[in-house]
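What follows is a single structure, written as structure tokens, with notes after it.
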Amino acid sequence: MIAIDHLSRPGRLHDVSFEARPGRVTGFLGPNGAGKTSTLRVLLGLDRARGGTALVNGRRYEEWPRPLTVAGALLDGSGAHRARSARAHLRWLAASNRLPRSRVDEVLELVDLAGEARKRAGRFSLGMSRRLGLAAALLGDPPVLVLDEPINGLDPGGIRWMREFLRSSADEGRTVLLSSHLMGELAGVADDVVIIDRGRVVARGTVEEVTAGHPTLEDAFFALTAGGHRADGASSRDGHAGGGPW
Amino acid sequence: MVSLVHAELRKLLGLPTAWIGIVLGLLAAPALVVLNASAARSAVAEGLTQDPSDIGFQYLGIGLLGAMILGVVVVSSEYTPTGDDTPGARQMSATLLAAPRRIRLLTAKGIALSLVTGVQGTITAAATLVLTEQVHGSLVPAPTPGRVAAAVLYWVLIGLLASAITLLTRNGIVTLAVLVVNSTVVSLSYLLTKVTPWAAYLPDIVGAHMFLRSIDVPVEIGPVTAGAVMTTWVAGLLAIAAVLFRRRDA
């Protein structure tokens, strides 16, 4: 369970409130620069908010003694120093949260990096880096997953794998919160949607609720965000050519 | 805390740049004993050496470059971009996700660094002083245990000082360049002592008084005073760096 309550950060976030519930995939949508990453970084204790609270299973992320067992996060890049091998990176992470060493090989297997375990992270492709980041997120087998643009840098096979992974994680009862500016990738996998624009939440609810009155989630998104604010006020697919988030 | 220190030790010892610091620190001082042997001998013979007991110890003052490198690397490695595709991504994110309580994290880092530099300093001091005795025999008085301990303490404190400065600048290259130039090529602190005697209380100069007897500065500073002043410098800089680190976005 993730509870974001009246979060504010000067110039970035204005009174942002929403929840992500267990057993559901919550899509956090918005154009680039809308405040998605900023919200997630505050939630994870990386950036500071001026006001409001962000709780993971009832506590601030910093307050959990072994946080990797509570929430797993995938942010920009792999998080591994480029001189370190994938396995060495995961081993120090495991040591920091008192996780068994055997878990390192398990997660490497899970993200299909077992064969590259000794390779230095600096030599990884973008897709491999994302998978290493995901392996780190899964290390503590956490009930909550927070993923910032998880589809970025993945090939079509990887995208398909990620969608199935997100779905099955939620079906196992995990809370899954993922941000994206790619609507099409999200429509099929999300149960709930939060749309943020210029630091404010402009819509939230189930996919059906948010889409209501629009042909597709994509159309709803354009109508609700700056991407749809065209001179003619139209919120159609024509918006793509108008410098929208696509 | 034990698990965090363990993780930080793994991280530090897993970096190739840290091993440059470890090897350089271990080899520089003993190598100088041998390379500089005849020059040191003639300096004593000609009465140029104020206190022959400093021979050996003065090389430790150069070998501590190794501790400096380790102090810088333990922090700068967190801020190195992890890949060309993602210029904003740094190891620091992974570190803080695993250990979000920042003061605890810094404490663990400090302990891990001090363990490594402490062991390194002890081995280097022992090797350097034994070698000095082998090379110079009775020319150089036997070192007292207190002085050896002070040299190792200086070694550890310099590592912590370097890490505090790197935490403030968040840039390893600039910090390392300034520290290396200051301690090898031109000592700005030493030059400042020609302007004001107070400069003798700058951390690198005052710290050397802990174990060296004949330092050419205008004020007399005893080893205990020197240790106290040096420790205060390091504690102060660490405190400022920690407050900022706690407040700033990662």
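The numbers here are math on the coordinates, done by the rules we state, and not lab data. Being a predicted model, the structure only gives us computed values, none of them experimental. Cβ atoms come from the backbone with ideal geometry, glycine included; neighbour counts cover every protein chain shown.
Excluding residues fewer than 8 places away in the same chain, name every one of the lysines whose C-alpha is closer than 23 Å to that of A:Lys119.
Straight-distance partners of A:Lys119: B:Lys11.
Could you name the aspartates and glutamates in cross-link range of B:Lys109, using Cα to Cα under 14 Å and dropping any fewer than eight places away on the same chain?
Once the sequence-local aspartates and glutamates are set aside, what remains near B:Lys109 is B:Glu8, B:Glu78.
With all pairs of different alpha carbon atoms counted, what Kirkwood hydrodynamic radius in Å does the protein assembly as shown show?
After inverting the pairwise mean of 1/r, the radius is 25.2 Å.
Using modelled backbone amide H atoms (1.01 Å from N, in-plane), which distant-in-sequence or interchain residues come within less than 5 Å of A:Val25's amide H?
Answer set, sorted by chain and number: A:Asp191, A:Asp192.
Based on alpha-carbon positions alone, could you give the equivalent ellipsoid semi-axes of chain B from the gyration tensor, as √(5λ), descending, whole Å?
34, 19, 16
Helix B:65-79 versus the longest principal axis of chain B: what is the Cα-based angle in degrees, 0 to 90, to the nearest 10?
Approximately 10 degrees, to the nearest ten.
How big is the dipole moment of chain B about its Cα centre under a simple scheme where the beta carbon of each Lys and Arg is +1, that of each Asp and Glu is -1, and everything else is neutral? Debye, nearest 20, please.
For chain B, the charge dipole is close to 860 debye.
Sort A:Trp64, B:Trp155 by Cβ crowding within 10 Å, fewest neighbours at the top.
Starting with the residue having the fewest Cβ neighbours, the order is A:Trp64, B:Trp155.
Need one value for B:72-83: mean number of C-beta atoms belonging to other chains within 10 Å of its residues' C-beta atoms.
3
For region A:27-38, what does the Karplus curve 6.51 cos²θ - 1.76 cosθ + 1.60, with θ = phi - 60°, yield as ³J(HN,Hα) per residue in whole Hz, taken in order and with x for Gly and Pro?
Karplus values, whole Hz, x for Gly and Pro: x, 10, 10, x, x, 4, x, 7, x, 5, 4, 4.
Report the FRET efficiency, 1/(1 + (r/R0)^6), for A:Asn57 and B:Leu48, where r is their Cβ-Cβ distance and R0 is 56 Å, rounded to 0.05.
According to the calculation, E is roughly 0.20.
Round to a whole angstrom and tell me the spacing of the C-alpha centers of region B:92-131 and region A:114-186.
Here the answer is 33 Å between Cα centres.
Based on the Cβ-Cβ distance of A:Asp141 and A:Met1, what FRET efficiency does E = 1/(1 + (r/R0)^6) give at R0 = 22 Å, to the nearest 0.05?
0.85
Give the long-range amide H neighbours of A:Ile196: residues separated by 5 or more places, or on another chain, with amide H under 5 Å away, using H modelled in the peptide plane at 1.01 Å from N.
Placed amide hydrogens put A:Leu29, A:Gly30, A:Val202 under 5 Å from A:Ile196.
I need two numbers for region A:107-225: Rg to one decimal and Dmax as a whole number, Cα atoms only, in Å.
15.9, 52
Just to compare against my own numbers: the Cα pair-distance distribution for chain A, 5 Å bins, whole % per bin, please.
Bins of 5 Å from zero give 1, 7, 14, 17, 19, 17, 12, 8, 4, 2, 0, 0 percent of pairs.
With contacts defined as alpha carbon pairs under 8 Å and 6 or more residues apart, what's the relative contact order of chain B in percent?
Relative contact order for chain B comes out at 24 percent.
What is the projected area of the convex hull of the Cα atoms of region B:84-210, averaged over all directions, in nm²?
Mean orientational projected area (region B:84-210, Cα hull): 11.4 nm².
Mind checking the angle between helix A:126-138 and chain A's longest principal axis? C-alpha axes, 0 to 90 degrees, to the nearest 10.
Between helix and principal axis, roughly 80 degrees.
Report the percentage of all Cα-Cα pairs in region B:143-250 whose separation exceeds 16 Å, rounded to a whole percent.
Value for region B:143-250: 61 percent of Cα pairs lie more than 16 Å apart.
Could you tell me what percent of the DSSP beta bridges with both partners in the protein assembly as shown are antiparallel, to the nearest 5?
Antiparallel bridges: around 50 percent, rounded to the nearest 5.
Given H placed on each backbone N at 1.01 Å, which residues far from A:Ala117 in sequence or on other chains put an amide H within less than 5 Å of it?
none
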